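J.: Just dropping this structure here.
The values are calculated or read from the model by the stated rules, or taken from the named source; none is laboratory data. Remember, it's a predicted structure, so these values are computed and weren't measured experimentally. Cβ placement follows ideal geometry from the backbone for every residue including glycine, while neighbour counts extend to all protein chains displayed.
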Amino acid sequence: MNNDFRIRHTEPADIPMVIALSARVQQKLTNSGSLQQIGPLAPDTLQHMIRSGNAYVIELSDRLIGSVFLEPLVFAQYAAWNLVASDRRFWFLSRLMLDPDYQGRRLGEQIVREIQRRMAIEPNGALALDCWAGNHALRAYYESLGFEQHGVFDENDYQIAVMTWVPTVAVFDFAEFPILETARLRLRELVPSDAEGVMLFRGDYEVTRYNSGAPYQDIAQAQAIIDSIAEEFTARRTLRWGITLKPDDAVIGQIGYNYWARRDHRAAVGFDLARALWGHGLMPEALHAVVQFGFERMQLNRIDADASISNAASQRVLTKIGFVREGLQRQQYYEDGEFHDLAIFGLLRQDYLAPQTR
């Protein structure tokens with residue numbers, strides 16, 4: 001995607017520009033012979049969409065070049081379009097407008113792809129849109145983006161084609177251990193031969209001082225945690241990766257989800273890293289990959305995390321990725337002869353998408 005391209009929520013100050021854009025796009029449609037009507041766009045309609053959080057604008061190099069509405073389908077539309085039997089939650093993509101001066105640059109494709117990316121992490125989410133049934137070129141264009149024609153329906157004195165798109169990425173099911181790769185790291189399954197590597201960081205007091213439990217004293221403890229992680233994965237309860245630094249395959253840390261509450265679309269993340277590699281940005285890099293996997297493959301809505309109030313480094317890692325500190329549990333755990341406070345963090349799916357919507 002163009003680095004200067006972004007989608008963000010529409011703001012009240014955008015209203016005059018969006019209304020003018022609507023008029024220009026409608027004029028071009030009319031001049032081309034299309035029967036599709038997208039305007040005129042009334043200010044009160046746009047105000048309502050802004051308040052509901054369903055209006056977006058598209059900017060390129062800080063210039064507003066497009067607009068789109070994305071709102072949940074109402075039951076009447078479900079029924080009229082024969083979608084009521086679906087187990088999907090359809091969102092209606094409407095008034096996708098692009099400044100005529102910027103058409104023909106594949107920007108429309110970038111817009112739709114970004115909306116699909118967001119919908120792919122919406123639990124049971126799917127997209128629907130409509131267009132004039134006689135616009136065969138537009139229908140073919142949407143088909144090239146993965147939409148399928150659901151049906152053709154009467155609309156006043158012409159017909160509309162309803163197109164639908166359903167994400168094809170299945171929710172992670174523990175059938176195979178997932179390998180994640182970043183620019184510098186490879187996150188993989190921990191195996192018995194990793195015991196010495198695990199011992200290097202789990203046996204270091206400075207690494208584990210904020211964890212529950214004392215540092216490991218022997219290799220048997222490292223082997224036991226590897227076995228436990230494998231058993232939890234087999235039982236489809238938790239998912240934790242060993243962190244390796246490319247091109248070496250030696251384990252330098254571990255990261256993953258300590259529980260997964262599927263009904264609530266929520267999981268909790270934790271991590272450790274060998275002390276010799278602190279301060280190089282490796283843990284934020286690993287955490288970003290794990291968070292992305294959680295939202296996109298596990299369809300999480302929320303990721304929980306916590307850190308000792310004294311563990312400033314872990315708190316910085318969390319906030320760098322976008323976690324929000326939500327509270328404090330006073331004297332939550334006992335370690336080294338004293339009680340310690342625990343800071344509580346959370347990251348929502350909407351927070352994960354925030355860099356693209358601001």
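J.: Among (1) touching a Pro at 6+ places or on another chain (Cβ under 6 Å); (2) more than 23 Å from residue 206 (Cβ to Cβ), which single condition is residue 320 missing?
T.: (2)
J.: Within the range 300-309, identify whether any single residue is over 18 Å from residue 350 (Cα atoms), in contact with a Ser or Thr (Cβ under 6 Å, 6 or more places away or on another chain) and at pLDDT 95 or above, and answer yes or no.
T.: No, the conditions are met nowhere in the range 300-309.
J.: Considering only residues that are at pLDDT 95 or above and in a loop (DSSP other than H, G, I, E, B), look in the range 185-232 and name the one that is surrounded by the most Cβ atoms within 10 Å (Cβ to Cβ).
T.: Across the range 185-232, the extreme among qualifying residues is 190.
J.: Next up: Give all pairs with beta carbons closer than 7 Å in which a residue from the range 315-339 that is assigned by TED's automatic domain parsing to the domain that holds residue 282 and assigned to a strand (DSSP E or B) meets a residue that is hydrophobic (A, V, I, L, M, F, W, C) and surrounded by fewer than 13 Cβ atoms within 10 Å (Cβ to Cβ); count only pairs at least 6 apart in sequence or on separate chains.
T.: Pairs found: 331/339.
J.: Turning to a different aspect of this structure: With the structure loaded, tell me whether residue 92 is closer than 16 Å to residue 56 by Cβ, among the aromatic types (Phe, Trp, Tyr) and in contact (Cβ under 8 Å) with a residue 12 or more places away in the chain or whether it fails that test.
T.: yes
Yes/no matrix, rows are residues, columns are (1) under 28 Å from residue 294 (Cα atoms); (2) of a type in the set (Phe, Trp, Tyr); (3) in contact (Cβ under 8 Å) with a residue 12 or more places away in the chain:
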position	(1), (2), (3)
65	no, no, yes
75	no, yes, no
88	yes, no, yes
102	no, yes, yes
117	yes, no, no
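J.: Can you list the helices (runs of 4 or more DSSP H) found entirely within the range 40-154 that contain at least 3 residues being in contact with a Gly (Cβ under 6 Å, 6 or more places away or on another chain) and either at pLDDT 90 or above or in the same structural domain as residue 22 (by TED's automatic domain parsing) (or both)?
T.: none
J.: Something else: Can you tell me which residue within the range 157-174, out of those that are at pLDDT 90 or above and either within 23 Å of residue 146 (Cβ to Cβ) or among the aliphatic types (A, V, I, L, M) (or both), is surrounded by the most Cβ atoms within 10 Å (Cβ to Cβ)?
T.: The residue in question is 165.
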